[in-house]
Amino acid sequence: MGLFSFIKEAGKKIFGSHEEEFAKNPGVQPDVIAQNQKDAVRRYIDSVGLDIKNFDFTLDGAGKLTLTGECATKADYEKVALTAGNIAGVAEVDNNMTIAALETLEQKDSTYYTVEKGDSLWKIAEHNYNDGSKYPIIFEANKPMIKDADEIYPGQVLRIPALA
């Protein structure tokens, strides 16, 4: 996947901006706010339940997340980057993770789709597979990041797996 861009303002709101944090907690040091944001990102990514070893990341002030660690599968490799990128405030994800399972390296890469206003998984499946009834493939490929097929939002980036 490498370097991937996201819409910084779209996504799951798991922390406030530095300005919001200063307003709530005057006198709090910037390094404390940065650590709180890093802790929030770690909790959020951990909550998705992907199989990742030695997971770590850096988050810079411009909204770039750089991921390191080892994913068990190619799907986990793709999902961790999308999970991170679909956090409000993240503009770029640099996925420097490795994949443990060698057989998954031979699988075709997924493509990615940024949700637009008026989209549904059916419509996205029609666009990508020429068959709207294949929307469950997209839904399954993005679990647990999306929990309900009807709850996608503009700006969200979805994983579109290649069909066999």
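The values are calculated or read from the model by the stated rules, or taken from the named source; none is laboratory data. Because the structure is a prediction, the values reported are computed rather than measured. Every residue, glycine as well, gets a Cβ built from its backbone with ideal geometry; the counts of neighbours run over all protein chains shown.
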*Do you know which residues across the range 129-150 are polar (S, T, N, Q) and either part of a loop (DSSP other than H, G, I, E, B) or under 20 Å from the mean Cα position of the chain (by Cα) (or both)?*
ASN130, ASN142
*Among the residues of the range 58-75 satisfying the criterion of being surrounded by 20 or more Cβ atoms within 10 Å (Cβ to Cβ), modelled with pLDDT of 90 or more and in contact with a Leu (Cβ under 9 Å, 6 or more places away or on another chain), which is nearest to LYS12 (Cα to Cα)?*
LEU65
*What single numbered condition from (1) on the phi > 0 side of the Ramachandran plot; (2) assigned to a strand (DSSP E or B) fails to hold for GLY118?*
(2)
*asked:* Every residue in the range 78-101 that is part of a strand (DSSP E or B) and under 8 Å from the mean Cα position of the chain (by Cα), please.
replied: ILE87
*Residues of the range 2-24 satisfying the condition of being hydrophobic (A, V, I, L, M, F, W, C), surrounded by 12 or more Cβ atoms within 10 Å (Cβ to Cβ) and modelled with pLDDT under 60*: PHE22
*Test LEU59 against the criterion of being aliphatic (A, V, I, L, M), farther than 20 Å from ARG159 by Cα and either touching a strand residue (DSSP E or B) at 6+ places or on another chain (Cβ under 8 Å) or touching a residue at least 60 places away in the same chain (Cβ under 8 Å) (or both), and give yes or no.*
yes
*What number of residues within the range 133-147 are in contact with a Phe, Trp or Tyr (Cβ under 9 Å, 6 or more places away or on another chain) and modelled with pLDDT under 95?*
1
